[in-house]
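The values are calculated or read from the model by the stated rules, or taken from the named source; none is laboratory data. The shown structure was predicted, so the numbers you read here are calculated from the model rather than taken from an experiment. Cβ: placed from backbone, ideal geometry, glycine included. Neighbour counts: every protein chain shown. The protein model used for the area step is the full one, side chains on, heavy atoms only, and it has no ligands, DNA or RNA in it. Shrake-Rupley method; radii C 1.70, N 1.55, O 1.52, S 1.80 Å.
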Amino acid sequence: MTLLEARDLQTRYGPGCPRCVESTGDRAGTNQCPHCGSVVACADADLSVEAGEVVGIVGESGSGKSSLAELLALERDDDATTAGEVHYAGHDGNLLEVDYETRHDLRTGEIALVHQHIRDGLNLEFTGGGNVAEKLLSAGQRSYEDVRARIRELFDETEIPVARMDDPTSTYSGGMQRRVQIARALATDPDLVVLDEPTTGLDVSVQARVLDMFRRVQREEGVAAIVVSHDLSVVRLLADRTLVMRHGRIVESGLTDRIMEDPHHEYTQTLINSVI
Ligand SMILES: Nc1ncnc2c1ncn2[C@@H]1O[C@H](COP(=O)(O)OP(=O)(O)OP(=O)(O)O)[C@@H](O)[C@H]1O
């Protein structure tokens with residue numbers, strides 16, 4: 001079953017002009033319009049995600065991965081002008097055009113975003129449990145006991161010591177903070193989790209443990225995911241299918257194994273050679 005289908009997604013920063021899209025992208029070798037100076041962070045982006053599937057988005061810094069991921073996670077950036085369509089199973093119409101309440105319901109229920117920067121996703125002054133509780137409360141849960149029980153379950157699942165749930169999140173290690181973000185994202189049993197650079201700021205050994213944990217939970221829960229990373233090894237570990245972005249465009253897509261073994265685009269070949 002197709003969970004999410006996106007067509008012609010576009011995010012632009014700046015005033016824009018009629019030539020922005022044709023003057024940027026892979027062939028133009030830039031994401032900045034030479035006529036008006038706007039940055040076309042992503043354009044012409046089509047993709048779909050099946051239920052339970054993991055789709056990776058990889059590309060160098062500035063290639064537009066976060067911009068695309070934010071559109072897919074229904075995150076609004078007031079600095080940006082956006083266009084395109086996002087359709088989601090069980091909902092009519094284009095989700096980029098729905099009212100605030102519908103967007104809020106989707107984002108506290110079915111679609112969860114794990115931000116690249118911890119501070120965008122967590123309040124470090126709250127306890128670890130409090131960060132997860134906030135999400136449960138905004139999704140309508142009211143019983144104190146049920147909320148505490150769910151937090152314990154989620155801490156267990158994401159391998160955070162339950163005994164630390166009432167400690168301020170600022171006292172957690174980087175790996176634990178990332179786990180709290182994931183626990184918070186999973187709290188309302190979403191169908192889709194968007195992970196933006198899940199390994200940012202973590203040591204290599206901690207990265208591996210967080211990714212292994214996420215892979216296990218993702219499979220056990222059957223939740224679909226979009227994983228954004230500049231690091232091909234992250235996408236290789238998690239993603240069934242991969243999209244490669246450059247200068248704000250998807251330049252290659254396919255099964256992750258195929259992309260790794262037989263990359264078609266010159267840029268993908270360079271990315272792969274740089275990690276081998
Ligand atoms: N608020 C903003 N104002 C102006 N330009 C922006 C803004 N946010 C992003 N951009 C530009 O949009 C382009 C795409 O940025 P984006 O963050 O989506 O890329 P990315 O591939 O996720 O990069 P990174 O891995 O470094 O986060 C970049 O050129 C960036 O400078």
Counting Lys and Arg as +1 and Asp and Glu as -1, each charge on the Cβ, what is the dipole of the chain about the Cα centre in debye, to the nearest 20? 560 debye
Any chance you could check the Cα centroid distance between segment 143-167 and segment 108-132 for me, in angstrom? 14 Å
Extension gain (nm, one decimal) between Arg27 and Thr102, 0.36 nm per residue minus Cα-Cα: 23.2 nm
The percentage of the accessible area of the chain (probe 1.4 Å, all protein chains present) made up of carbon and sulfur atoms, to the nearest whole number, is 44 percent
Please give the FRET efficiency for Ile272 paired with Glu145, using the beta carbon to beta carbon distance and R0 = 45 Å, rounded to the nearest 0.05. 0.35
Of Thr2, Ser38, Thr108, which is farthest along the charge dipole of segment 1-147 in the positive direction, counting Lys and Arg as +1 and Asp and Glu as -1 at C-beta? Ser38
Mean accessible area per residue over segment 103-186 (1.4 angstrom probe, all protein chains present, square angstrom) is 45 Å²
Per residue, how big is the convex hull around the C-alpha atoms of the chain? Give it to me in cubic angstrom, could you? 129 Å³
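One quarter of the convex hull surface, Cα atoms only: what value does that give for segment 27-173 in nm²?
11.6 nm²
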Return the calculated 222 nm mean residue ellipticity for the chain, to the nearest 500 deg cm²/dmol, obtained by summing -39500 (n - 2.57) across DSSP H runs with n ≥ 4 and dividing by the residue count. -10500 deg cm²/dmol
What is the Rg over Rh value, at two decimals, for segment 178-253, using alpha-carbon atoms and the Kirkwood definition of Rh? 0.96
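Please report, in debye to the nearest 20, how large the charge dipole of segment 214-276 is about its Cα centre when each Lys and Arg carries +1 at its beta carbon and each Asp and Glu carries -1 there. Please report the intermediate quantities before stating the final value.
Values: 8 positive and 9 negative charges, 31 e Å.
For segment 214-276, the charge dipole is close to 140 debye.
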Between the alpha carbon centres of segment 19-42 and segment 45-97 the gap in Å comes to 20 Å
